[in-house]
Amino acid sequence: MASGLVALLDDIVTLTKAAAASLDDIGAAAGKASVKAAGVVVDDTAVTPRYVDGFTPDRELPIVRKIAIGSIRNKLLIILPVAMILSQFFPQALPYLLIAGGLFLCFEGAEKVWEALGGGHHAEEQTGARGGPEFEKTMVSGAIRTDLILSAEIMVISLSSVESEPFWTRLGVLVVVAVLITALVYGVVAVIVKMDDVGLALAQRESPLVQRFGRSLVIAMPKIMSTLTVVGIAAMLWVGGHILLVNVGEAGFHWPADRLHDVEHWFGHLVHGGFGSVLSWTAGTVLSAVVGLVVGAIIVAVLHVIPRRKKDAAPAH
């Protein structure tokens with residue numbers, strides 16, 4: 001009986017070591033996957049603050065919390081099952097899903113540009129009820145919808161870095177990435193949107209230097225939020241365009257991705273050293289954003305501009 005107990009303990013130790021090794025593998029793979037998806041994480045962080053612009057301070061954190069909950073649901077309840085099933089049985093479908101997501105982001109970004117130029121009525125309708133419950137519901141829904149696309153890109157990029165791993169390792173990596181990325185993005189967003197309150201608190205301290213810094217924060221935050229709104233729209237166009245260029249290539253039509261690579265390569269070799277890498281990244285980003293704007297503008301024209309002109313022209317007949 002003693003020997004049986006010893007054998008059982010040996011089995012438990014062996015299983016524990018195997019589990020620990022698996023956790024180490026998942027942790028290492030999750031770290032690798034998170035780094036690979038870092039570019040999209042930055043875009044997600046830049047896009048989100050514009051959805052709390054215009055609300056009273058007491059509603060900012062609740063709205064961020066609602067978006068964060070929607071984001072983790074997107075990742076764990078929608079994207080994760082679909083990604084795992086497709087990666088296991090139909091991996092060739094993933095690029096097409098990302099192309100659809102890229103088209104949506106291009107449309108969202110171009111639509112915001114169109115509204116900013118005075119072409120759309122959507123912004124005017126929102127402004128009329130700005131800050132109200134329906135407006136809040138609309139903004140949260142829009143944020144969660146946009147997050148779905150960005151989260152899908154993050155999860156698929158993460159999945160591509162561990163595609164050779166066993167099923168359960170891939171699943172564990174995606175769960176870890178989903179939780180960590182969501183906490184990181186919306187933690188940073190919460191800090192950004194509450195910096196003006198931090199400034200007010202600092203402005204009431206005894207130290208003149210701290211007071212001056214606090215007042216500077218309060219003054220700067222509206223400009224920072226406006227800038228982030230612009231950056232968020234630009235990020236939609238950049239990420240959407242980049243998703244299209246890369247995944248059209250993954251789907252078999254390599255010309256757009258090859259031209260993107262050629263542009264990045266050419267700018268990268270203009271200057272030696274680190275500045276060449278900056279030039280390469282900037283050129284690729286600008287080209288992706290231009291592609292995103294052009295493609296998005298075409299979709300906006302099909303869905304909004306052309307139907308609106310037909311509607312306006314109808315009474316004349």
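The values are calculated or read from the model by the stated rules, or taken from the named source; none is laboratory data. As the structure is a computational prediction, the values presented were derived from the model and not from experiment. All Cβ positions, glycine included, derive from the backbone under ideal geometry; neighbour counts span all protein chains shown. Calculation scope for accessible area: heavy atoms of the full protein, side chains included, ligands and nucleic acids excluded. Shrake-Rupley method; radii C 1.70, N 1.55, O 1.52, S 1.80 Å.
Of all residues in the stretch 142-161, those satisfying the criterion of being farther than 16 Å from Val179 by Cβ and over 15 Å from the mean Cα position of the chain (by Cα) are Ser160, Ser161.
Within the stretch 238-253, is even one residue open to solvent by 80 Å² or more (accessible area, probe 1.4 Å) and over 21 Å from Leu150 (Cβ atoms)?
The initial filter retains those residues of the stretch 238-253 that are open to solvent by 80 Å² or more (accessible area, probe 1.4 Å), namely 250, 253.
Those left that are additionally over 21 Å from Leu150 (Cβ atoms): 253.
Yes - at least one qualifying residue is present in the stretch 238-253.
Just one of the numbered conditions (1) touching a residue at least 60 places away in the same chain (Cβ under 8 Å); (2) exposed (fewer than 15 other Cβ atoms within 10 Å of the Cβ); (3) of a type in the set (Val, Ile, Thr) is not true of Val188: (2).
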